[in-house]
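The values are calculated or read from the model by the stated rules, or taken from the named source; none is laboratory data. Because the structure is a prediction, the values reported are computed rather than measured. Cβ placement follows ideal geometry from the backbone for every residue including glycine, while neighbour counts extend to all protein chains displayed. Quick note on the areas: whole protein, heavy atoms, side chains included, nothing else; ligands and nucleic acids left out. Shrake-Rupley method; radii C 1.70, N 1.55, O 1.52, S 1.80 Å.
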Amino acid sequence: NDADAMYWRAQSLYYQGEFTKAVKNMQAVLRRDPDNKPCQLLIKKMRKLERMKARGNDAFKAKQWHDAIEAYTACLGIDPENSIFNAKLLCNRAAANSHLGLHAKVIKDCNQAIYGDSKYAKAYIRRGDAYRALGGEGTILQQNLQTALSDYEKAVELLPQGSAAAKQVQASIKKTKVAVKRANRKDYYKILGVSENCPKDMLKKFYKKA
């Protein structure tokens, strides 16, 4: 029945992303002390966060990517210290950036999300997808694919075994491993500086030159 203890329990729930439970604790305090300012402010903050996140989600569902990014960015500014909640916002913003083909921004957002919540599997998956989409050539391509593979493997560790999400990531791992093998193959036509359908005599000429 201690109001201060209930307030700090609500704070802890809030920073774990348990908004519904946190609000119930705040309301219990306010029933005893209607003028409790810290409780009023925390409830106000949580409701503002939920409104802004919902606005971003609605824009995302409507495929209004720029509006979604704007809403998620505004929401991130409300409480920079709530790393668990902000990790979800960053991952959502990364998804919107992904639809715009802004893979470098996706990676940046996912890096921040993982820094805030190192056990957030979705952020690893999204970052892995972005590294795969980045592509590239030669060593850069190999590095991007290997990084994607590491992210997918980390996500599998974090996801419940046998879950639908884990199975989807396993499929991504298989595809990425195939892509890594292809990336490691030497393109001899490229090494010689000719196209695959060049005439045989030209191929011999460039081969001897090389």
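Within region 61-81, the residues that satisfy the criterion of being in a helix (DSSP H, G or I), within 18 Å of VAL106 (Cβ to Cβ) and out of contact with any helix residue (DSSP H, G or I) (no Cβ under 6 Å at 6 or more places or on another chain) are HIS66, GLU70, THR73. Here LYS190 fulfils each of the conditions (1) open to solvent by less than 90 Å² (accessible area, probe 1.4 Å); (2) in a helix (DSSP H, G or I) apart from (1). Within the option set ALA166, ALA171, ALA179, ALA133, being out of contact with any Asp or Glu (no Cβ under 8 Å at 6 or more places or on another chain) and under 16 Å from ALA94 (Cβ atoms) holds for one residue only, ALA133. Look at region 38-64: where a residue is surrounded by 13 or more Cβ atoms within 10 Å (Cβ to Cβ) and a partner is among the aromatic types (Phe, Trp, Tyr), sitting 6+ places away or on another chain with Cβ atoms under 7 Å, you get PRO38/TYR7; CYS39/TYR7; LEU42/TYR14; MET46/TYR14; MET46/PHE19; LEU49/PHE85; GLU50/PHE19; GLY56/TYR72. For the criterion of being farther than 30 Å from ARG132 by Cβ and basic (Lys, Arg), LYS21 passes.
Could you look through region 6-21, keep only residues that are among the small types (Gly, Ala, Ser) and on the phi < 0 side of the Ramachandran plot, and pick out the one that is most open to solvent (accessible area, probe 1.4 Å)? Residue satisfying both the conditions and the ranking: SER12. Remark: pairs (first residue in region 135-149, within 17 Å of LYS177 (Cβ to Cβ); second residue open to solvent by 40 Å² or more (accessible area, probe 1.4 Å) and not in a helix (DSSP H, G or I); Cβ separation under 6 Å; 6+ apart in sequence or on different chains) = ASN144/GLY136. Identify the residue in region 13-50 that is among the charged types (D, E, K, R) and not in a helix (DSSP H, G or I) and, among all such residues, is nearest to ILE84 (Cα to Cα). If we take residues in region 13-50 being among the charged types (D, E, K, R) and not in a helix (DSSP H, G or I), then GLU18 is nearest to ILE84 (Cα to Cα).
The residues on offer are LYS61, LYS24, and the sole one that is within 18 Å of the chain's Cα centre (by Cα) and of a type in the set (Lys, Arg) is LYS61.
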